[in-house]
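What follows is calculated from the coordinates using simple rules that are stated; it is not laboratory data. Predicted, not measured: the structure shown is a model, and the values here were computed from it. Cβ placement follows ideal geometry from the backbone for every residue including glycine, while neighbour counts extend to all protein chains displayed.
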Ligand SMILES: [Zn+2]
Ligand SMILES: [Zn+2]
């Protein structure tokens, strides 16, 4: 599978990046190799699969560099802070009002699955400003995440684990066919937003690639209460304890020096660490 780190800015967009937005893609040839080797169930359609993971401020623009919104297979929101879900409103408008493919004129409802915390449907409607009696149903099919309950999107299995953040929030363990080693199964994990906790280590266990937030800086942010964010150092500790093969740091706000986050992570973790780049790509 392929991870596109579309938006890598933490808490708000940066001058060079949208807020948290990722695209997990499985190209058709990778699906076919997975079906042939048995790591993808035989009933999965052999075609390109595209799943958006978090859709923060500005992220929908970068999504369109790679896939038409009507062709998305699912959206998974780790939590409902705006820097992870704000562009859901824009996606709704696109799917409903696009002059050729929009549901209003085509009469075809996309039923795009949108997974999120318990109140995802209500919050999405409030954010958009639905009128009384208006609904997003049919444009979006809202589904709720639950701790350790695996969902399937085509060739991908996605297991959420509840993590340590001020609102209901999940880390994700995404299993699917490798684009680097054809016919093999690989694991991509994403911390979402979280402070250090047992479940973020568990969800990251043995990851081929760990995408870890590192919003805070040791010392500077020690005055903030626990239960919000990882530092580069705490992300490194998660990677080391989980035995992750490599790590990519993300969710750096505009006021954090990336070199500090990298240095903190490397002090705790011996494996390869790099920074997520806006509209960057990681083959897994
Ligand atoms: Zn965030
Ligand atoms: Zn958050």
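The table below gives the values:
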{"quantity": "Boolean, residue 231 is within 16 Å of ligand 1 (Cβ to nearest atom) and buried (at least 24 other Cβ atoms within 10 Å of the Cβ)", "calculated": "yes"}
{"quantity": "Exclusive hit being within 15 Å of ligand 1 (Cβ to nearest atom) and either touching a residue at least 12 places away in the same chain (Cβ under 8 Å) or over 22 Å from residue 120 (Cβ atoms) (or both), set 95, 3, 80", "calculated": "80"}
{"quantity": "Residue in the stretch 62-73 that is closer than 20 Å to residue 160 by Cβ, within 15 Å of ligand 2 (Cβ to nearest atom) and under 20 Å from the mean Cα position of the chain (by Cα) present", "calculated": "no"}
{"quantity": "From the options 262, 249, residue that is outside any loop (DSSP other than H, G, I, E, B) and within 14 Å of ligand 1 (Cβ to nearest atom)", "calculated": "249"}
{"quantity": "Inter-residue pairs, beta-carbon under 8 Å, first on the phi > 0 side of the Ramachandran plot and touching a residue at least 24 places away in the same chain (Cβ under 8 Å) and in the stretch 216-233, second surrounded by 12 or more Cβ atoms within 10 Å (Cβ to Cβ) and in a loop (DSSP other than H, G, I, E, B), 6+ apart", "calculated": "227/165; 227/166"}
{"quantity": "Residue in the stretch 36-72 that is surrounded by the most Cβ atoms within 10 Å (Cβ to Cβ), counting only those that are in a helix (DSSP H, G or I), touching a residue at least 40 places away in the same chain (Cβ under 8 Å) and out of contact with any helix residue (DSSP H, G or I) (no Cβ under 7 Å at 6 or more places or on another chain)", "calculated": "59"}
{"quantity": "Condition broken by residue 181, with the remaining ones in (1) surrounded by fewer than 19 Cβ atoms within 10 Å (Cβ to Cβ); (2) touching a strand residue (DSSP E or B) at 6+ places or on another chain (Cβ under 9 Å); (3) closer than 20 Å to residue 248 by Cβ satisfied", "calculated": "(2)"}
